[in-house]
Structure formats: C-alpha cells, structure tokens
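Undergrad: My questions all concern the structure below.
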Amino acid sequence: MVFAVRKFAIPSKNTHKHVTTRSFKNFNANAFREDLKSAPWDSLRNCTTPDEMVEIWKNMFLKIADAHAPMRTRRVRNKNPLGLLLS
C-alpha cells in the first residue's frame with residue numbers, strides 16, 4: 001500500500017507581519033555626508049584580506065547610517081490575496 005502524510009495549516013485571519021525599515025523622518029543629508037567624510041577610512045589600509053576590509057567598511061558605514069536613519073520595526077496587516085483559504 002502506498003500513502004503519504006502531509007501537514008497542512010490554514011492561516012488565521014488575524015496574522016500580522018513585522019517589517020524592518022530605516023526611518024528617514026529626521027534625516028539630514030549634509031550631516032550624513034560630513035560624518036562619512038570624517039570617518040576613519042585610513043584604517044582600511046591596515047587590512048590584510050578583502051573580507052576583513054569589507055567587514056570594517058560595512059561596520060563603519062552602518063554605524064553612521066544607524067545614527068542618521070535608525071532602524072524601525074513596524075507591524076503591518078497581512079493581506080491575503082482574494083481571501084484564499086479563509087472563506
């Protein structure tokens with residue numbers, strides 16, 4: 001005899017998603033550029049591998065970006081297209 005077992009869950013109507021984005025509400029482009037200019041980019045010259053260089057660059061850039069446009073998590077409604085499986 002051949003058979004299969006499949007787990008199937010019907011999504012509930014009240015599910016929400018969380019979306020993380022950057023908040024540019026108080027973003028000042030000139031201050032951001034100035035902070036990028038004043039970052040210690042010379043420290044990249046001491047790197048021995050490209051991977052190390054990318055990691056240091058990414059950390060410096062994200063630190064400045066987080067100061068000017070912080071990350072924000074918002075809850076959004078989960079819209080089910082055409083009401084599939086919820087009727």
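The values are calculated or read from the model by the stated rules, or taken from the named source; none is laboratory data. These numbers were taken from a predicted model, which means no experiment stands behind them. Heads up, the Cβs are rebuilt from the backbone with ideal geometry, glycines too, and the neighbour counts pull from every protein chain shown.
Undergrad: Can you pull out the residues in region 17-53 that are surrounded by 10 or more Cβ atoms within 10 Å (Cβ to Cβ) and over 21 Å from His68 (Cα atoms)?
TA: Scanning region 17-53 gives Lys17, Ser43, Leu44, Cys47, Glu52, Met53.
Undergrad: Identify, please: which residue in region 1-16 is within 30 Å of Arg74 (Cα to Cα) and in a loop (DSSP other than H, G, I, E, B) and is, among those, modelled with the highest pLDDT?
TA: Only one residue fits best here, namely Phe8.
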